[in-house]
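Q: Please find one structure pasted underneath; my questions will follow.
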Amino acid sequence: MSYLDCHNHTAEWSDGRQSIEEILQRAKEEGVRVGLSDHTGLGDYLNSNDRLLAYADFLSQYPVARGLEMDLGRSFMVQEGVRRKFDYMIGSVHGIELHGMRIGFSPLIKYLKGGLPDYNPNQQIKDWDLFFKTHLEVLKKEFSEQNYSILGHCTMLPPLALGKPEEVFPEWWEEELVSALLMHNVAMEISNRWLTPYDRLMKKAVDAGVRFSVGSDGHDPQKTCVLDYPKEMIWKYGVKDDRIFDIQRKIQGN
Ligand SMILES: [Zn+2]
Ligand SMILES: [Zn+2]
């Protein structure tokens, strides 16, 4: 079975730097099937059900899985008929509101990509317990409101800039995260771009019976459909094929 890379972005519909044709070419080269999941949410181009319908129409012309990446915390309700046009919906957190102020993760992303020499989230986030609690509240609220299939890059959060993940992510947060995913039947994405989840969290999720999806979070052809980290984690933790998110529909590469 070839893997389904659920997480990719185009230039046409969000912040990718590639066309859908280039993504399909990369999928062929890497021997994977591919899903598109452009950014959706109140701050994105795909910010209404009408635009989602246009996106679904566009995707239906290609042999790809049809996904979305909803911006958790800045989401909107996807109508049932619209949701049915998509194979899955990823939910990802790209910012958190604390004390009425939004803390966006763009400086973290820049820092992790090497575009910022230094980034210290302690300047904005004084109470880390509150930060982690708020993060979980966002997930639980979103998961109970609509039909998410996958939680995207779950540790792409400001603490990543502070040190080794095992030292900066609290175990109580890991355990609550795992139980929220189980309760709502949401898969945890293993992300090649963000190297998440890290080992301790991966092990807890595997032991608890969480399902996983794999994603390159490809924005440009160089990294699109590259799944080295997910493959390594799947092998290392003996994750069986039936625990990995896939779709029923036949698409290219099946
Ligand atoms: Zn994302
Ligand atoms: Zn993404």
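Q: Which one, GLN123, GLN79, GLN18, has the greatest fluctuation when you compute a Gaussian network model over the chain with C-alpha springs under 10 angstrom?
A: Between GLN123, GLN79, GLN18, it is GLN123 that shows the largest mean-square fluctuation.
Q: Going by alpha carbons, how many degrees (0 to 90, nearest 10) lie between the helix axis of 128-145 and the longest principal axis of the chain?
A: The angle comes out at about 30 degrees.
Q: Let me ask another. Put a dot 7 Å past each Cα toward the Cβ at GLN146 and ARG84; how far apart are the dots in nm?
A: It is 1.6 nm.
Q: Once every DSSP H run of n ≥ 4 in the chain is given -39500 (n - 2.57) and the sum is divided by its residues, what mean residue ellipticity at 222 nm do you get, rounded to the nearest 500 deg cm²/dmol?
A: Values: 9 runs with 88 residues, N = 254.
Estimated from H runs of four or more residues: -10000 deg cm²/dmol.
Q: In whole Hz and in residue order, list the ³J(HN,Hα) couplings for the range 26-33 that follow from phi through the Karplus curve 6.51 cos²θ - 1.76 cosθ + 1.60, θ = phi - 60°; x for Gly and Pro.
A: Each residue's phi maps through the Karplus curve to give 5, 4, 4, 4, 8, x, 10, 8 Hz.
Q: Another question, then. Under a plain spin-label model, where a point goes 7 Å from the Cα along Cα-to-Cβ, how far apart in nm are ARG17 and TYR62?
A: The modelled label-to-label distance comes out at 1.8 nm.
Q: Can you tell me what share of the DSSP beta bridges in the chain is antiparallel? A percent to the nearest 5 is fine. Could you put the intermediate results ahead of the total?
A: Values: 5 of 28 bridges.
Beta bridges within the chain, antiparallel portion: roughly 20 percent.
Q: Right, next: Could you name the lysines whose alpha carbon sits less than 21 Å from that of LYS164, not counting residues in the same chain fewer than 8 places away?
A: Counting by Cα, and skipping residues close in sequence, LYS164 has these lysines nearby: LYS110, LYS113, LYS126, LYS133, LYS203, LYS204, LYS236.
Q: If I fit a long axis through the Cα atoms of helix 49-59 and take the longest principal axis of the Cα atoms of the chain, what angle between them do I get, 0 to 90°, rounded to 10?
A: Helix 49-59 and the main axis of the chain meet at about 50 degrees.
Q: Compute the long axis of helix 171-184 from its Cα atoms, compare it with the longest principal axis of the Cα atoms of the chain, and write down the angle in degrees, 0 to 90, nearest 10.
A: Helix 171-184 and the main axis of the chain meet at about 30 degrees.
Q: What percent do you get for the relative contact order of the range 115-242 when only Cα pairs under 8 Å and 6+ apart count?
A: Working: 139 pairs, mean separation 28.4, N = 128.
Result for the range 115-242 is 22 percent.
Q: Apply the a/c threshold of 1.5 to the C-alpha gyration tensor of the range 1-125 and tell me whether it is rounded, prolate or oblate. Don't jump to the answer; show the numbers that get you there.
A: Details: a/c = 2.44, a/b = 1.39, b/c = 1.76.
Oblate, because a/c is 1.5 or more while a/b does not exceed b/c.
Q: What does the charge count around TRP172 come to, taking other residues whose C-beta lies under 10 Å from its C-beta (Lys +1, Arg +1, Asp -1, Glu -1)? The partial results should precede the final answer.
A: Details: positive: LYS133; negative: ASP129, GLU171, GLU174, GLU175, GLU176.
Within the 10 Å Cβ shell, the charges total -4.
Q: Now a separate question. May I ask for the net charge around MET89, where only other residues with Cβ less than 13 Å from the Cβ of MET89 are counted and Lys, Arg are +1 while Asp, Glu are -1?
A: Numbers: positive: ARG66, ARG83, ARG84, LYS85; negative: ASP38, GLU69, ASP71, GLU80, ASP87, GLU142, GLU145, GLU189.
Within the 13 Å Cβ shell, the charges total -4.
Q: Along its principal axes, what span do the Cα atoms of the range 146-246 show, with the longest given first and each in whole Å?
A: 37, 34, 31
Q: So if I take the centroid of the Cα atoms in the range 1-32 and the same for the range 37-108, what is the distance between those two points in Å?
A: Computed from Cα coordinates, the inter-centre distance equals 17 Å.
Q: If you add up the charges near PHE131, with Lys and Arg at +1 and Asp and Glu at -1, over every other residue whose beta carbon is less than 12 angstrom from its beta carbon, what do you get? Can you show the working numbers first?
A: On the way: positive: LYS126, LYS133; negative: GLU97, ASP127, ASP129, GLU137.
In short, -2.
Q: With labels modelled as points extended 7 Å from the Cα through the Cβ direction, what inter-label distance (nm, one decimal) is found for GLU97 paired with ARG200?
A: 3.1
Read-outs: derived from the displayed coordinates by stated rules, not from any lab. Every value quoted in this text rests on a predicted model; they were computed, and no experiment measured them. Cβ coordinates were reconstructed from backbone atoms using ideal geometry, including for glycine residues, and neighbour counts include every protein chain displayed.
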